[in-house]
Each structure stands twice: as C-alpha cells, then as structure tokens.
Amino acid sequence: MTDTPTQLFIGGAWVDAADGATMAVDDPATGEILCHVADAGPKDAQRAEEAAVAAQEKWARTAPRARSEILRRAYEIIVERTDELAHLMTAEMGKPLAEARGEVAYAAEFFRWFSEEAVRIDGGHGTLPDGRNRMLLSRRPVGPCLLITPWNFPLAMGTRKIGPAIAAGCTMVLKPAPQTPLSSLALAAILKEAGLPDGVLNVVTTSRAGEVCEPLLRGGRIRKLSFTGSTGVGRLLLAQSADAVVRTSMELGGNAPFIVFEDADLDKAVDGAMVAKMRNMGEACTAANRFFVHTSVVEEFGRRLAERMGALVVGPGTRDGVDVGPLIDRGGRGKVEELVADAVERGARVLVGGRTPEGPGCFYPPTVLTGVDPGSRLMDTEIFGPVAAILTFDDEDEVVRRANDTPWGLVGYVFTEGLDRALRVSERLEVGMVGLNTGLVSNPAAPFGGVKQSGLGREGGRVGIDEFLEYQYLAVPVG
Ligand code: NAP
C-alpha cells in the first residue's frame, strides 16, 4: 500500500486535485479507511482532457509495433506483480486473494491480446463498380476517449478498455469507480513504466462523477465513450453523449437465466452454478440471477447446490481458506437483504444462508432460495450478491419465453446433454453470450457484450479493437 499512487495521473505526472480535495477508500472487510486519494473536480477533468487531446495526433502516428510493445511490457509487469496487485484489489474491493489473483491474470491477458492485435489493423483497396474510381480504405483511431469503469472488477474492466484503445492509437481519460481507485492508479504507474508516452492515459479519481464527466461528453473534444456499469447510468450517459454525437460502447447490467433441463448432468450443472453464481461473490454482470430448473430435478439440484454453498467459508479476503469475501459496501448488502426478505415474504424457502452475520464488514452468507415466486423483486433486479434463486419449469417453450421476459440480454447458461436442444435453446435466447454446460464465459479472446438493455458493442476478441477505430475512405480516380 505504501508505494501505491494516490494522486491524479495527468499528462504523465502525479498531481493533487486543483482544489486539494481527497476522498477516503474503505476496506469492505472491516469498514475502516485504507487511505485517501485525490478527488478530482471539473477543472482536473478539463486538464486531463487537454492532455489527452494534445497527445492524440502524435500517438496516432506512433508505429503499431511500438504501441504493441508497450502493451506487451505492461502485460509482463502485471504478471510479475500479480501478488502485489491482488493484495491491493482485495484491500479495496474485498474479493478473496485467490479470486484477485485470477482477475490479475485475466486483466493482463487483455494487454497481451491487444498487443497482438495492434499490429493487425488492416484496411482495403479496390476498384469501384464504375471502373473509374479506386477506393482506399484505412482505419484510424477514433480520437480521445472517456473510459468509465465499475468497482466489481477493478483491474480487468480497465485493461479491457485501455488495451484496445492503446492498440488502436487512441488517447484517453479513465474515470474508475470511487470505491476502487487504487487498482487503476497502480495500472497507470505500470503503463508509465512500460513506456507509455505522457498524456496517452490520464486517470481522474473522483466522487463527483456527474460533474467531472458530463462536460467532457458535451464538450465535443472527447470522441468516444466506453462505459461499463449499470443500465440506468448507461442510459443517462447515452443521452449526454447525444449532443456532441460521441460514439459509445456500453457494457451494462444483466439478469442471466441459468436453465437446467431434465437431461442435464447434475454434477456439471452444480459445478457451473457455483461459478456462475459465486464468482466475485455474485457481484458480476454475468452472475446467474434466475435459476430455472426442470420440475423433475429441482429437489436434487437444490439439495446439492445448498450443500456446496453452505460449505463455503465466508471472511476477509486476505485470510487463508476464505471462499467468499464481503460485499462492496453497506448499500450493496442492504439491497441483497431486502431482495431476500421480499422473496421469503412471497413464499420462498431458504435452503441455506439468508441471515446477515453480526460484526463489522459487509458480509452476507451464500444463500439458496427455492420455490421463488416469479413476481419476486429479485426476478427483475440484479441481485449482485451470493444468492441463488430457484424457480421451476415444465417445458422448453415455456422456459425460453420466461428466460427472455426481461429487458436485459447479457448472458444465459444452458445445461442439457442433448446437442439439438443445447443449440436450439441457445439460439432462441435473447443474449449476447451463452455458457453451454459451463458457468464461465469470460475470455479476452472472445467478444464480450450483450443485447437489449445490456449494452452496445463488444469488448475483447478480434472485434474489441473495432470499437476504437473509424474507417476513412479515399476516392482516387483511375488514371
Ligand atoms: P454504476 O453505478 O453504473 O457505476 C459505474 C461507473 O459509472 C462508476 O465509475 C460510477 O461512478 C460511474 N457513474 C455513475 N454515475 C455517473 C454519471 N452521472 N456520470 C459519469 N459516471 C457515472 O455501476 P456499479 O455499481 O459501479 O457497477 C455495477 C454495475 O456494472 C452492474 O449493473 C453490473 O452488471 C455492471 N457491469 C457490467 C459489466 C459488463 O461487461 N456488461 C461488467 C461489470 C459490471 P460513481 O460510483 O461515482 O457514481
């Protein structure tokens, strides 16, 4: 913690907020203050924007190989410092160290992947149908970007945006979530060490998100917004981006269905449920939110899942043997408590968990609810906690209709041993991603993203860089 930067990173320098403001970063496992970081205001945001704008032209002309090598070096530094970064993340966010190490590896992979993509940006050339003109197509960086990230994956949500932006030749202002600024500041220090030129990445930590971001979006110099967060905030930012016609990518919330058919391998289904529900304490946009289990296997599935969930060890993420850390803050835990209370009032049975422990920290136990009423609030709200809500179904058409009956469409999980059914149901689900007999879909080499109100665009994969590139077409008469 002692070496972790706590100031703003603007134009390659570490600086205080112009008005000297700072904000506290809390440890969710104890509720105690870990440290204070600079709390940027609109003036700081303007300076960060100016630095990004000033660096853009030269950065766009930098050789793709040079951009690639910076990403590759940063990838190597991150991997070398896995332990240090994991401890930082656990301190500010709460996830158990093993999961934090997993996130560091996942985050680093975006830099490795996009270091490889940076040198593969291609264009095109051809004669137009009239035979009188040639077409030259080149791909150019979209320009200075605003990147806004959430707290649940403090490092990976940053690298998933910064990696392709660097590869494409864009400069940027990053605004991380106020709960988890330290991972982003550590990342900026690593990129500087890896040779990133001043002004290409600027980081503004702030508790005044609206005041800081809105002028940038409306000002006309930021050309791209890449946002990860809730659908409500995404909608607001889309509206703010409209004035200056800012290009947007939106990675928003989910309400994932997890469907277990009567022919599923229940060992696989329970293993998959443990990952899809419990990764990151349930605080993931990909978290299974609604478990639809065929009536004929619901009792067995519920019993096995409750047994596995009940055996998990809850405690501070730094303690050996802990599987489940605290939720992000009291507000997050309060929401989970209310959703469980509402489901129970409507007749759900608690198979395990369901009771907030005494003492400090924002802990909530792994919980399985069965017989959940479809009218319960947790059916159309992201639970964002370690609570599995089980409902039953009887036939395929019915479960597809119910799974799709939501404004979100990020991811769905399907468990069946029948290939025909697996493909048919996956194709009918209105989602951007499907886990077939698996509870984990995230991979830097795959396009991550949703349909409907879960987002616009994709991050990662071959297409991830497209979000940061524009085409330019040159018409050249045939001589
Ligand atoms: P959030 O409340 O929407 O906040 C996300 C980010 O937006 C934070 O940095 C937040 O800062 C900022 N923000 C909020 N209001 C803003 C405004 N008016 N102008 C500019 N920035 C603003 O979401 P969260 O609670 O941090 O994260 C959880 C959500 O993210 C869930 O819905 C989850 O599903 C979603 N998520 C989606 C993906 C995906 O890839 N689809 C991945 C991870 C998470 P402040 O906190 O200071 O307001």
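The values are calculated or read from the model by the stated rules, or taken from the named source; none is laboratory data. No experiment lies behind these values; they were computed from the predicted model shown. Every residue, glycine among them, receives a Cβ derived from its backbone with ideal geometry; neighbour counts consider all protein chains shown. Heads up: the accessible areas ignore ligands, DNA and RNA and are worked out on the full protein's heavy atoms, side chains in. Shrake-Rupley method; radii C 1.70, N 1.55, O 1.52, S 1.80 Å.
The table below gives the values:
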item: Any hit, the stretch 127-137, residues being in contact (Cβ under 8 Å) with a residue 12 or more places away in the chain, in a helix (DSSP H, G or I) and surrounded by fewer than 19 Cβ atoms within 10 Å (Cβ to Cβ); result: no
item: Number of positions in the stretch 405-420 that are buried (at least 16 other Cβ atoms within 10 Å of the Cβ) and not in a loop (DSSP other than H, G, I, E, B); result: 7
item: Which listed residue is outside the structural domain of residue 464 (by TED's automatic domain parsing) and over 28 Å from residue 465 (Cα atoms), from 26, 39, 3; result: 3
item: Tally, over the stretch 282-297, of residues that are buried (at least 24 other Cβ atoms within 10 Å of the Cβ) and among the β-branched types (Val, Ile, Thr); result: 1
item: Flag if residue 392 is in contact with a Leu (Cβ under 6 Å, 6 or more places away or on another chain), among the β-branched types (Val, Ile, Thr) and open to solvent by 10 Å² or more (accessible area, probe 1.4 Å); result: no
item: Unmet criterion (only one of (1) modelled with pLDDT of 95 or more; (2) more than 16 Å from the ligand (Cβ to nearest atom); (3) not aliphatic (A, V, I, L, M)) for residue 361; result: (1)
item: Flag for residue 252 being within 15 Å of the ligand (Cβ to nearest atom) and open to solvent by 10 Å² or more (accessible area, probe 1.4 Å); result: yes
item: Test: residue in the stretch 248-270 that is part of a helix (DSSP H, G or I), of a type in the set (Lys, Arg) and not assigned by TED's automatic domain parsing to the domain that holds residue 469; result: yes
item: Sole exception among (1) part of a loop (DSSP other than H, G, I, E, B); (2) open to solvent by less than 30 Å² (accessible area, probe 1.4 Å); (3) not basic (Lys, Arg) for residue 430, by number; result: (2)
item: Number of positions in the stretch 239-266 that are farther than 30 Å from residue 299 by Cβ, in contact (Cβ under 8 Å) with a residue 24 or more places away in the chain and not polar (S, T, N, Q); result: 8
item: Inter-residue pairs, beta-carbon under 8 Å, first within 14 Å of the ligand (Cβ to nearest atom) and in the stretch 437-451, second of a type in the set (Phe, Trp, Tyr), 6+ apart; result: 441/448; 442/106; 442/448; 444/106; 444/110; 444/113; 450/408
item: Qualifying residue in the stretch 323-335 (condition: over 25 Å from the mean Cα position of the chain (by Cα) and either closer than 29 Å to residue 150 by Cα or of a type outside the set (Val, Ile, Thr) (or both)); result: no
item: Test for residue 330: is it within 16 Å of the ligand (Cβ to nearest atom), in contact (Cβ under 8 Å) with a residue 12 or more places away in the chain, surrounded by fewer than 19 Cβ atoms within 10 Å (Cβ to Cβ) and not acidic (Asp, Glu); result: yes
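To keep it simple, each residue is scored yes or no on (1) in the same structural domain as residue 168 (by TED's automatic domain parsing); (2) more than 15 Å from the chain's Cα centre (by Cα).
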{"residue": "426", "(1), (2)": "no, yes"}
{"residue": "432", "(1), (2)": "no, no"}
{"residue": "435", "(1), (2)": "no, yes"}
{"residue": "458", "(1), (2)": "yes, no"}
{"residue": "462", "(1), (2)": "yes, yes"}
{"residue": "468", "(1), (2)": "yes, yes"}
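Here's the yes/no breakdown for (1) within 26 Å of residue 155 (Cβ to Cβ); (2) of a type in the set (D, E, K, R):
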| position | (1), (2) |
| --- | --- |
| 229 | yes, no |
| 239 | no, no |
| 252 | yes, no |
| 261 | no, no |
| 275 | yes, no |
| 282 | yes, no |
| 290 | no, yes |
